[in-house]
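For reference, the structure discussed in these notes is given below.
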Amino acid sequence: MKKPKILFMCVANSCRSQMAEVLGLHYLGHKFDVYSAGSKPTQPNPYALKTLENFGYNTSTLFSKSFDQIPDDIDYAVSLCQEQELTCPTFSTTVTRLAWPMSDPASSSGSENEIQNVFAETLRSIEQRIVQFQQEQSEN
């Protein structure tokens, strides 16, 4: 049976969507093909990578991707940006679009420890949304 595809999106595909891809694979990978991409991809943010690694996740395969590097037949498209930030691709009408807007941790400032705490908070917020999504899918 073909697994549904879920795409996590943000502008640079460097922080939020990268973290969501890793968490999505962890929580949803048995039932979903999981992807991330951005409208203006750059490279994974070092703080995002460090945060994921601190929580025990493997980051060795992460890289920033544009929308043309992911399959066309996405079933779920999840935006993690503030609405005005992201230029989304055009999806078919069958795609379920979800908005989980959250602040970009890359724009945080302060000490090394304060910045790392912001990234950890973002990771936990994404994790809560993915776990909630997983529970909703189990009920359907």
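For this structure, a couple of remarks:
- Residue among Arg124, Arg129 that alone is under 30 Å from Met1 (Cβ atoms) and either assigned to a helix (DSSP H, G or I) or among the small types (Gly, Ala, Ser) (or both): Arg129
- Scanning the range 106-120 for residues that are of a type outside the set (A, V, I, L, M, F, W, C), surrounded by 15 or more Cβ atoms within 10 Å (Cβ to Cβ) and at pLDDT below 95 yields a total of 1.
- Pair list, Cβ under 7 Å, 6 or more apart: the range 23-41 residue assigned to a loop (DSSP other than H, G, I, E, B), other residue charged (D, E, K, R): Lys31/Lys3; Phe32/Lys3; Phe32/Lys5; Pro41/Lys65
- Just so you know, in the range 90-107 the residues that are under 18 Å from the mean Cα position of the chain (by Cα) and polar (S, T, N, Q) include one that is farthest from Ser17 (Cα to Cα), and it is Thr96.
- Neighbours by Cβ (under 6 Å, 6+ apart or cross-chain): first from the range 4-22, farther than 15 Å from Gln69 by Cβ and free of Cβ contacts under 8 Å to residues at least 12 places away in the same chain; second buried (at least 24 other Cβ atoms within 10 Å of the Cβ) and of a type outside the set (Asp, Glu): none
- In the set Glu136, Glu114, only one residue is among the acidic types (Asp, Glu) and farther than 18 Å from Asn45 by Cβ; that residue is Glu136.
The values are calculated or read from the model by the stated rules, or taken from the named source; none is laboratory data. This is a predicted model, so every value here is computed, not measured. Cβ sites come from the backbone with ideal geometry, for glycine too, and all protein chains shown count toward neighbours.
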